[in-house]
Every structure is written in structure tokens, then in C-alpha cells.
Amino acid sequence: MTINCLLRYNGYMTKIFTEEENNTWSKQLPGKMTSACLAVRHKHRVLMVKAGYKDHWTFPSGIVDDKESPKQAALRETKEETGLLFEENECALLGIVYTASNGSDRDRFNFGFTIEVENVDNLVMSIPNDEIEEFRWVDFNQVAAMSGGKASYANFQSILLGEMQSPAYIEIKV
């Protein structure tokens, strides 16, 4: 099967790629790690989780899987880490943080989404696996400290506090 992927040089068609050739080529391209998180908000607090393999707290989050959008990943991870289930149309973009490599890791995109919940007493939360040790409602002004000073979370904190416009795109150069 052929796909509409043509190489042109000076206006002349030089090659028609098959779907397999295009897939092989695209897998060789350099990539950036992509993760997503969901800031579940109630008034001036946000839900954070502590994974057993990390020394800091985060919003429910994880790596975006193949054939999954960042929003879908944020919702899936929230369910996996807290038991909470939300619909895609209930959450909005909080911001996108791009962090450049520091030389020992890859460049990374972190897509942050947000949802406001009216009543935390109606939320049935659980820790459905061994990954998460604890969850906690944290004041917006404590998000950066709880994250261990992660620059992406310092920026998400600024957005939550209204110090930066949402949605925001932020680049962090290390």
C-alpha cells in the first residue's frame, strides 16, 4: 500500500514511500518525552500524589502512551493513581511546559490539564495500585515545594495562583 508521502527535488517526484517505509523512517526520528498531568482543584487547593519511587509529590501524571492524546493520558493516570474518573470535556488545558535536556536526560513536554471539583466530600478516592503511597490536598502556594522544586511545577503553581495566564506555554532552559 502506498501513502501520500512524496519526496520532491526541484519540482520532480523522486520517491513514493510505502506505509511500512514511512513507519520505519518515522521511528528513527529523534523524539521528546511527553507526559501529562491533571490538576484536580477544589477552591484554593489541588490534589497531589506521592509515588513510592519518587522523593517528591506530583499531580496524578504519567507518560503519554502510543495512540493516546495528552488529555487521555492525564485522565487515565488520574484514574490509575487515585481511582477518580473524569470525562475529557470536563477538563481544560492548564499549560504546556517544555523542559530542555540538561545533558543527562531527554527534552520533555509536560501537558497540564485542570478540573474544578465542587465538593471533595463526594469524591471517592482510592489508591488502586502499589505505585502511589499517599494523596493529599495541597494549597496552591505549596505546589512547587511539594514537587521538590521542579521548575515545571513552579510554573504550574504560578498559573494556579493567577500569576501567569492560563493556558500557558513555557520553555525551561536548563
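Scan the range 122-138 for residues that are among the acidic types (Asp, Glu) and either free of Cβ contacts under 8 Å to residues at least 40 places away in the same chain or in contact with a Lys or Arg (Cβ under 9 Å, 6 or more places away or on another chain) (or both) and jot them down.
133, 134
Of these, 101, 126, which one is within 28 Å of residue 168 (Cβ to Cβ), in a loop (DSSP other than H, G, I, E, B), open to solvent by less than 60 Å² (accessible area, probe 1.4 Å) and of a type outside the set (Val, Ile, Thr)?
Numbers: 126 fails: within 28 Å of residue 168 (Cβ to Cβ).
Residue meeting the stated conditions: 101.
Just to verify a result, which residue in the range 104-117, among those that are part of a strand (DSSP E or B) and touching a Leu at 6+ places or on another chain (Cβ under 8 Å), is farthest from residue 156 (Cα to Cα)? Please lay out each step first, then the result.
The initial filter retains those residues of the range 104-117 that are part of a strand (DSSP E or B), namely 108-116.
Imposing the further condition that a residue be touching a Leu at 6+ places or on another chain (Cβ under 8 Å) reduces the set to 111-115.
Values: 111: 10, 112: 8, 113: 10, 114: 10, 115: 14 Å.
If we take residues in the range 104-117 being part of a strand (DSSP E or B) and touching a Leu at 6+ places or on another chain (Cβ under 8 Å), then 115 is farthest from residue 156 (Cα to Cα).
Scanning the range 135-152 for residues that are within 26 Å of residue 101 (Cα to Cα) and assigned to a helix (DSSP H, G or I), which turns out least open to solvent (accessible area, probe 1.4 Å)? Break it down into steps so the answer makes sense when it comes.
Residues of the range 135-152 that are within 26 Å of residue 101 (Cα to Cα), as a first pass: 142-152.
The next check asks that each one be assigned to a helix (DSSP H, G or I); those that pass are 142-146, 151-152.
On the way: 142: 89, 143: 0, 144: 21, 145: 83, 146: 38, 151: 43, 152: 19 Å².
Checked the range 135-152; the qualifying residue least open to solvent (accessible area, probe 1.4 Å) is 143.
Table: residues versus (1) farther than 23 Å from residue 55 by Cα; (2) within 14 Å of the chain's Cα centre (by Cα).
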position	(1), (2)
67	yes, no
103	no, no
131	no, no
152	no, yes
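Name the residue, out of 97, 120, 64, that is within 18 Å of residue 155 (Cα to Cα) and touching a strand residue (DSSP E or B) at 6+ places or on another chain (Cβ under 7 Å). Full working, then the answer.
On the way: 120 fails: within 18 Å of residue 155 (Cα to Cα); 64 fails: within 18 Å of residue 155 (Cα to Cα).
So the residue among 97, 120, 64 that is within 18 Å of residue 155 (Cα to Cα) and touching a strand residue (DSSP E or B) at 6+ places or on another chain (Cβ under 7 Å) is 97.
Are any residues in the range 154-171 part of a strand (DSSP E or B), surrounded by fewer than 16 Cβ atoms within 10 Å (Cβ to Cβ) and not aromatic (Phe, Trp, Tyr), and if so, which ones?
Filtering the range 154-171 for residues part of a strand (DSSP E or B) gives 168-171.
Narrowing further to those that are surrounded by fewer than 16 Cβ atoms within 10 Å (Cβ to Cβ): 169, 171.
Scanning the range 154-171 gives a single hit, 171.
Does any residue in the range 85-100 that is within 10 Å of residue 111 (Cβ to Cβ) come within less than 8 Å, Cβ to Cβ, of a residue that is open to solvent by less than 40 Å² (accessible area, probe 1.4 Å) and of a type in the set (Ser, Thr, Tyr) six or more places away or on a different chain, and which pairs are these?
So the pair list comes out as 93/114; 94/114; 97/152.
I need the full set of residues from the range 104-118 which are open to solvent by less than 60 Å² (accessible area, probe 1.4 Å) and not charged (D, E, K, R), in order please.
Taking the range 104-118 first, the residues open to solvent by less than 60 Å² (accessible area, probe 1.4 Å) are 107, 109-115, 117.
109, 110, 111, 112, 113, 114, 115, 117, listed by residue number.
Among the residues of the range 127-143, is there at least one that is under 22 Å from residue 34 (Cβ atoms) and modelled with pLDDT of 95 or more?
yes
The values are calculated or read from the model by the stated rules, or taken from the named source; none is laboratory data. On a predicted model such as this, the values are computed, not experimentally measured, just so you know. Glycine gets a Cβ as well: all are built from the backbone with ideal geometry, and neighbour counts include every protein chain shown. Surface areas here come from the heavy atoms of the whole protein model, side chains and all, with no ligands, DNA or RNA. Shrake-Rupley method; radii C 1.70, N 1.55, O 1.52, S 1.80 Å.
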